[in-house]
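Worksheet for the structure shown next.
The values are calculated or read from the model by the stated rules, or taken from the named source; none is laboratory data. The model shown is predicted, which means the values in this text are computed figures rather than measured ones. Because the Cβ atoms are built from the backbone with ideal geometry, glycine has one as well, and the counts that use them run over all protein chains shown.
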Amino acid sequence: MNVLQFNKIMEWQDATFPTVTLPGMFQHLCEELKEMVDALSKKETQASLEFADCLLLLFGMAHKAGYSYEEIINAINTKHAINLGRKWGENNRHIPEEEEEVVVKNLVIALSLIGDKLGGNGFIICPQCGNKLYWTRASSNKHVWGKCNTEGCLNWMQ
């Protein structure tokens, strides 16, 4: 989904369901998940539409909770980067790590999300806590300063 699709769908959802609440949307999502599982178990050809219902509800819930398209996409990218660095066991469950290892991995994830552009600044979703992490990169030596909005979370200067 791109930002234009997101905005168009969210405008329609806001206009069509102006009084819906997050708990109401969650209940609807649970119903759609059951329909999706039923469609998959019956090998129905339209099961992809049930996936679409679930995704639209999830995006709608994030929008209803106040997240912008950019924030949702940043969170997806952050979570994917976190998942890439995890060890995985049976049934798609990650294997917990020691706290110090987690902090180091999250710092590496944050730096990889920031990338290696010369100069600039911005924010990413903090892989440690999920809050905003603001960063600045020096144009002269590419060193990065980063600070999460959460007290005691990721904070560094190269």
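A compact table of results
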quantity	calculated
Matching residues in segment 52-74 - criterion: being surrounded by fewer than 16 Cβ atoms within 10 Å (Cβ to Cβ) and of a type in the set (Gly, Ala, Ser)	Ala52, Ala65, Gly66, Ser68
Filter result (within 18 Å of Glu71 (Cβ to Cβ) and in contact with an Asp or Glu (Cβ under 8 Å, 6 or more places away or on another chain)) within segment 108-154	Ile125
Every pair of residues 6+ apart whose Cβ atoms lie under 8 Å, when the first sits in segment 7-24 and is within 19 Å of Ile72 (Cβ to Cβ) while the second is of a type in the set (Lys, Arg)	Val20/Lys64; Leu22/Lys64
Flag if Leu113 is closer than 16 Å to Ile76 by Cβ, hydrophobic (A, V, I, L, M, F, W, C), crowded, with 17+ Cβ neighbours inside 10 Å and in contact (Cβ under 8 Å) with a residue 24 or more places away in the chain	yes
Some residue of segment 132-144 being part of a strand (DSSP E or B), out of contact with any Cys (no Cβ under 6 Å at 6 or more places or on another chain) and either aliphatic (A, V, I, L, M) or at positive phi (or both)	yes
Members of segment 37-54 that are touching a helix residue (DSSP H, G or I) at 6+ places or on another chain (Cβ under 9 Å), among the hydrophobic types (A, V, I, L, M, F, W, C) and under 21 Å from Phe6 (Cβ atoms)	Leu49, Phe51, Cys54
Single residue of segment 1-60 satisfying the filter (under 22 Å from the mean Cα position of the chain (by Cα) and not in a helix (DSSP H, G or I)) that is modelled with the lowest pLDDT	Met1
Residue within segment 14-23 that is under 21 Å from Glu71 (Cβ atoms) and surrounded by fewer than 11 Cβ atoms within 10 Å (Cβ to Cβ) present	yes
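Rundown of residues vs (1) at pLDDT 80 or above; (2) basic (Lys, Arg), yes/no style:
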| residue | (1), (2) |
| --- | --- |
| Val102 | no, no |
| Asn106 | yes, no |
| Ile114 | yes, no |
| Lys117 | no, yes |
| Lys132 | yes, yes |
| Arg137 | yes, yes |
| Ser140 | no, no |
| Leu154 | yes, no |
